[in-house]
Amino acid sequence: MLRTGLRMSDLLGDRALLKEKVERIVQDYALRFSQHSFDAEEEYARLESLIPRITPMIKDTVLYMNESLRSNKRILVEGANAAMLDIDFGTYPYVTSSNCTVGGVCTGLGIPPSKITNVIGVVKAYTTRVGAGTFPTELTDDIGNAMADIGHEYGVTTGRRRRCGWLDLMVLKYSHMINGFTSLAVTKLDILDTFQELKVCVGYKLDGKDLPSFPADHALLERIEPVYTTIKGWDSSTVDCRTFDSLPEQAKTYLNVIKEFLGVKIGWVGVGQSRDSIIVI
């Protein structure tokens, strides 16, 4: 891997050195992509014109974060992608190019591991996936289509339909092993309001034998058989519920199955699209 990229700190430093770096990068690109034309002077001029606009937004984030911690400020970090898209621990090769598990807090922001006090796992009440990759609990029938339509499971930018399926607790367990959740936020419970019967994956079988965890080998993942527990649906709206006790009994059962399987408390339950459509437990 080449280490020739420009960093934000380069924009704040010596302009002559910055120009040298730009010229070196352009020269490298010209050698590797000879079918395209590159102009070092043009690239540098474009970059230089952006520096005054970018500079006010550049900060030494390691120093900033650690000064904030020393001042006893609370820091909330939000993961940009799901754990199973993590470059190291996700369903490789169907992953992103960074660590979107909790370790990314340390490698991406320079926050010491010892300063992470709570890790909230955000999970839908069912499982979805965008694009390719094995999806053991995927529903390609009318139920899966209904989940996608009721849950508006379409990409905001691309409009691409997300693949939907039953909640996979084996995936969630694996994610918990990596991230160490201290609590869960279960979202979109209301999407399941009209289903007469629900299934939750509580295990994997491979060639008739139980698997202890989510397999690292994608080839094995394609052969596994999900083991389900079936829960009767609640067939009533949860949209107006604002306390755990006000939920239908079967909805409580569904949430308790998640909590007991993982051994992690549920702190929040989403039951709608508005900001106040949330149950704090």
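Which GluC sites (Glu not before Pro) does region 1-73 hold that lie in a coil by DSSP with at most 14 other beta carbons within 10 Å?
Here no loop site has a sparse enough neighbourhood.
Could you tell me the relative contact order of region 1-82? Use alpha-carbon pairs under 8 Å, at least six residues apart, and round to a whole percent.
With pairs under 8 Å counted, the relative contact order is 22 percent.
Just the number, please: carbon plus sulfur as a percent of the accessible area of region 224-281, 1.4 Å probe, no ligands or DNA/RNA counted.
Solvent-exposed carbon and sulfur of region 224-281 make up 48 percent of the total.
Considering Cα pairs under 8 angstrom that are at least six residues apart, work out the relative contact order of region 87-196 and quote it in whole percent.
34 percent
Set Lys and Arg Cβ to +1 and Asp and Glu Cβ to -1, take the dipole of the chain about its Cα centre, and tell me which of SER213, ASN81, GLY108 lies farthest positive.
Toward the positive end, the furthest listed residue is GLY108.
Can you give me the accessible area per residue for region 181-243, using a 1.4 Å probe, in Å²?
51 Å²
Report the antiparallel proportion of the DSSP beta bridges in region 103-194 as a percent, rounded to a multiple of 5.
Beta bridges within region 103-194, antiparallel portion: roughly 50 percent.
By the gyration tensor of its Cα atoms, with a ≥ b ≥ c the square roots of the eigenvalues, what is the shape of region 132-188: rounded for a/c under 1.5, prolate for a/b over b/c, or oblate?
Note, shape of region 132-188 comes out prolate.
With all protein chains present and a 1.4 Å probe, how do LYS209, LYS173, LYS115 order by accessible area, largest first?
Heavy-atom accessible area, descending, gives LYS209, LYS115, LYS173.
If the cut-off is a Cα-Cα distance under 24 Å, which lysines reach LYS21, setting aside same-chain residues fewer than 8 apart in sequence?
Excluding near neighbours in sequence, the set is LYS59.
Over what distance in Å are the Cα centres of region 149-228 and region 70-118 separated?
Going from one Cα centre to the other spans 21 Å.
Return the aspartates and glutamates within reach of LYS188: Cα separation strictly under 18 angstrom, same-chain partners fewer than 8 residues apart disregarded; answer none if there are no such residues.
Excluding near neighbours in sequence, the set is GLU138, ASP149, GLU153, ASP168, GLU197, ASP235, ASP240, ASP245, GLU249, ASP276.
In the full protein assembly as shown, how much of PHE89 is accessible to a 1.4 Å probe, in Å² to the nearest 10?
90 Å²
Which shape class applies to region 1-139: rounded if a/c is under 1.5, otherwise prolate when a/b exceeds b/c and oblate if not, where a ≥ b ≥ c are the square roots of the Cα gyration tensor eigenvalues?
Oblate, because a/c is 1.5 or more while a/b does not exceed b/c.
Just checking my list (1) 149; (2) 127; (3) 191 against volume of the Cα convex hull per residue in Å³ computed from this structure; which label fits?
(3)
How much accessible area per residue does region 1-139 have, in Å², with a 1.4 Å probe?
It amounts to 70 Å² per residue over region 1-139.
In region 158-281, what percentage of the DSSP-assigned beta bridges are antiparallel, given to the nearest 5?
75 percent
How large is the helix-only mean residue ellipticity at 222 nm for the chain, computed as the sum of -39500 (n - 2.57) over DSSP H runs with n ≥ 4, divided by its residue count, in deg cm²/dmol to the nearest 500?
Only helices count here, giving -10000 deg cm²/dmol.
Give, to the nearest whole percent, the P(r) tail of region 178-218 beyond 12 angstrom, counting all Cα pairs.
77 percent
Percent antiparallel among DSSP beta bridges with both residues in the chain, to the nearest 5?
Around 65 percent antiparallel, to the nearest 5.
Which is farthest toward the positive dipole end of the chain among VAL95, GLY233, GLY121, measuring Cα position about the Cα centre, with Cβ charges +1 (Lys, Arg) and -1 (Asp, Glu)?
Of the listed residues, the answer is GLY121.
If I take every Cα pair under 8 Å that is 6 or more residues apart in the chain, average their sequence separation and divide by the length, what percent do I get for the relative contact order?
Relative contact order, the chain: 13 percent.
Mind putting together the pair-distance distribution for region 114-212? All Cα pairs, 5 Å bins, whole percent per bin, short to long.
2, 11, 20, 22, 19, 14, 9, 3, 1, 0
Can you pull a Stokes-Einstein diffusion coefficient for region 185-281 at 4 °C (1.567 mPa s), Rh from Kirkwood over Cα pairs, as a whole number of µm²/s?
87 µm²/s
Of the heavy-atom accessible surface of region 132-208 (probe 1.4 angstrom), what whole percent is carbon and sulfur?
Carbon and sulfur: 53 percent of the exposed surface of region 132-208.
The values are calculated or read from the model by the stated rules, or taken from the named source; none is laboratory data. Here the structure is a predicted model, which means the values were calculated and not measured. All Cβ positions, glycine included, derive from the backbone under ideal geometry; neighbour counts span all protein chains shown. In case anyone asks, the SASA skips ligands and DNA or RNA and just uses the protein heavy atoms, side chains included. Shrake-Rupley method; radii C 1.70, N 1.55, O 1.52, S 1.80 Å.
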